[in-house]
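Below is one structure, written out as structure tokens; the observations come after it.
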Amino acid sequence: MQHVIIGAGPAGVTAAEHLRRLDPAAGVSMVAGEAGLPYARMAIPYLLSGRIGEAGTMIRRDPGHYEELGIRVLCGRARKVDAAGHTVILDDGRKLRYDRLLVATGSSPSAPAVEGLDRPGVHTCWTLEDARRIVAAAQTGSRVVLMGVGFVSCIIMQGLVARGSGLTVIAGSSGRMVRSMMDETAGGMIRRWCEARGVRVLSGDRAVAVEDGPAVRMESGETLPCELVVVATGVKPNVEFLDGTGVTVEQGILVDARMRSTVPGIYAAGDCAQGPDFGSRSRSVHAIQPAAVEQGRVAAFNMAGRDLAYRGGIPMNVLDTLGLIATSIGRWQGAGDGTWVEDGDAYRYMRLEFEDDRVIGAINVGRTDHIGVIRGLIEGRVPLGVWKDRLRADPNRVAEAYVAATR
């Protein structure tokens, strides 16, 4: 049995390790798109801020770890998959024969419609090499323009401010921050928090070009001179090499509860996979490392002939933006009967979403006191009974509700 894994992030590494334990006689090959030891992208912003060194980004720090387990690690990128011939063709022409294939290639930055992004001084923040270049350019007092106000951007912001850079953030026409995990109220709080800490947030305007300098020219005609431009405006799954295989791709590779794609023998896990959601019949991309690790584990079991189901991901994001902690859990956008409650002021906010008499999602800003309880209510699908109306009157009683409803 030959197992091939394309991708060496948390999902790929976890799958490789489990396959070796579950199927000791099988061949396990992992294709890494970059040279060096596999690392976790989620650690890169902490490298920017100086909280960790490069060693802290590594998934496994022992250089001999993979060799000792008998996991063959190849540096290269997949160019094509021949599903009928069970073969992966790499960009250098090498061919890898497989019986089971796991696609764990993650995602990559998507470029906005801005001219001049190939000029010197313009970087994404996605790889270790990106981080090295940003660290070299983002010195104390340097002017930095950050394009994007999503989850990744806000984490990057933390590192840039920690390095003493003067930061301007382009928020686009709406100005809403972190729209993938926050409603307008919460996003507005995060924006005001950033501005109060010296970050200039531009909204109602958009970048149209990066010029020599570099400098960013805005649609309004304003020009933003800077030493560094960081682009973080979104991501897309790395799945182009699957064209012609018959694998169904929407926001990611569609997989079932056993991480199987629509083509027999091909599995997917991590940020490139669109898998089952917890508590609903929908499928989503669960772009957080804990989900990637669990999906990699489930995929490995099924690739090795065991039967293990992924129970579905509960979207949960925790964001630290210059010291302001914000979280979203579950179906925070709401669903079902549309019943919700919110409470907050200044930089403290809570919103609970209900379906029937259960909590299905939540947003918190500036407070972490009820996160575990709220997650427990969502995961346990706990019927609240009379406590639904009590929470609608005062959501701060959520701990009481949990205790009463789970007796």
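Quick rundown of the values:
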item: When residues of the range 195-226 are limited to those that are outside any strand (DSSP E or B) and polar (S, T, N, Q), the one farthest from Gly172 (Cα to Cα); result: Ser220
item: Arg143 out of contact with any strand residue (DSSP E or B) (no Cβ under 6 Å at 6 or more places or on another chain), more than 30 Å from Arg77 (Cα to Cα) and surrounded by fewer than 22 Cβ atoms within 10 Å (Cβ to Cβ); result: no
item: Complete set of residues in the range 287-326 that are outside any loop (DSSP other than H, G, I, E, B) and farther than 25 Å from Ile266 by Cα; result: Met316, Asn317, Val318, Leu319, Asp320, Thr321, Leu324, Ile325, Ala326
item: Contacts under 8 angstrom Cβ, first residue in the range 139-158 being in the same structural domain as Ser180 (by TED's automatic domain parsing) and more than 14 Å from Thr124 (Cα to Cα), partner buried (at least 24 other Cβ atoms within 10 Å of the Cβ) and among the small types (Gly, Ala, Ser), 6 or more apart; result: Gln139/Ser165; Thr140/Ser165; Gly141/Ser165; Ser142/Ser165; Arg143/Ser165
item: Strands (runs of 3 or more DSSP E) completely within the range 327-407 that count 2 or more residues being touching a Pro at 6+ places or on another chain (Cβ under 9 Å) and charged (D, E, K, R); result: 339-345
item: Count of the range 336-360 residues which are surrounded by fewer than 16 Cβ atoms within 10 Å (Cβ to Cβ) and at positive phi; result: 4
item: Residue tally, condition in contact with a helix residue (DSSP H, G or I) (Cβ under 9 Å, 6 or more places away or on another chain) and farther than 13 Å from Ile156 by Cα, over the range 110-134; result: 3
item: Test: residue in the range 275-286 that is under 20 Å from Val88 (Cβ atoms), assigned to a loop (DSSP other than H, G, I, E, B), in contact (Cβ under 8 Å) with a residue 40 or more places away in the chain and more than 17 Å from the chain's Cα centre (by Cα); result: no
item: Pick from the range 15-29, criterion within 24 Å of the chain's Cα centre (by Cα) and crowded, with 24+ Cβ neighbours inside 10 Å, ranking: nearest to Tyr267 (Cα to Cα); result: Ala15
item: Filtered residues of the range 268-306 (kept if of a type in the set (Asp, Glu) and buried (at least 24 other Cβ atoms within 10 Å of the Cβ)); result: Asp271
item: Of residues in the range 228-246 being at pLDDT 95 or above and part of a loop (DSSP other than H, G, I, E, B), the one farthest from Val263 (Cα to Cα); result: Asn238
item: Residue list for the range 203-212, filter: surrounded by 16 or more Cβ atoms within 10 Å (Cβ to Cβ) and modelled with pLDDT under 95; result: Ser203, Asp205, Arg206
item: Meets criteria (touching a strand residue (DSSP E or B) at 6+ places or on another chain (Cβ under 7 Å) and modelled with pLDDT of 95 or more) for Ala362; result: yes
item: Residues satisfying the stated conditions in the range 111-129, i.e. farther than 19 Å from Ala207 by Cβ and outside any loop (DSSP other than H, G, I, E, B); result: Leu128, Glu129
item: Among the candidates Ala113, Ala55, residue that is free of Cβ contacts under 8 Å to residues at least 24 places away in the same chain, closer than 21 Å to Val293 by Cβ and either outside the structural domain of Gly9 (by TED's automatic domain parsing) or exposed (fewer than 13 other Cβ atoms within 10 Å of the Cβ) (or both); result: Ala55
item: Scope the range 67-108; condition crowded, with 19+ Cβ neighbours inside 10 Å, among the hydroxyl-bearing types (Ser, Thr, Tyr) and within 14 Å of Phe241 (Cα to Cα); matching residues; result: Thr105, Ser107
item: Sole residue being in contact (Cβ under 8 Å) with a residue 60 or more places away in the chain, basic (Lys, Arg) and either on the phi < 0 side of the Ramachandran plot or surrounded by fewer than 20 Cβ atoms within 10 Å (Cβ to Cβ) (or both), chosen from Arg217, Arg197, Arg191; result: Arg197
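One line per residue, one yes/no per condition, for (1) buried (at least 17 other Cβ atoms within 10 Å of the Cβ); (2) touching a residue at least 40 places away in the same chain (Cβ under 8 Å); (3) more than 25 Å from Met189 (Cα to Cα):
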| residue | (1), (2), (3) |
| --- | --- |
| Ala362 | yes, no, no |
| Asp369 | no, no, no |
| Ile374 | yes, yes, no |
| Gly380 | no, no, yes |
| Gly385 | no, no, yes |
| Asp389 | no, no, yes |
| Arg397 | no, no, no |
| Glu400 | no, no, yes |
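A quick yes/no check of all residues on (1) within 19 Å of Met303 (Cβ to Cβ); (2) of a type in the set (Gly, Ala, Ser); (3) at pLDDT 95 or above; (4) in contact with a Pro (Cβ under 6 Å, 6 or more places away or on another chain):
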| site | (1), (2), (3), (4) |
| --- | --- |
| Val73 | yes, no, yes, no |
| Ala78 | yes, yes, yes, no |
| Gly85 | yes, yes, yes, no |
| Lys95 | no, no, yes, no |
| Ser108 | no, yes, no, no |
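The values are calculated or read from the model by the stated rules, or taken from the named source; none is laboratory data. Because the structure is predicted, anything quoted here is derived from the model rather than measured. Don't worry about glycine lacking a Cβ; one is built from the backbone with ideal geometry, like all the others, and counts go over all protein chains shown.
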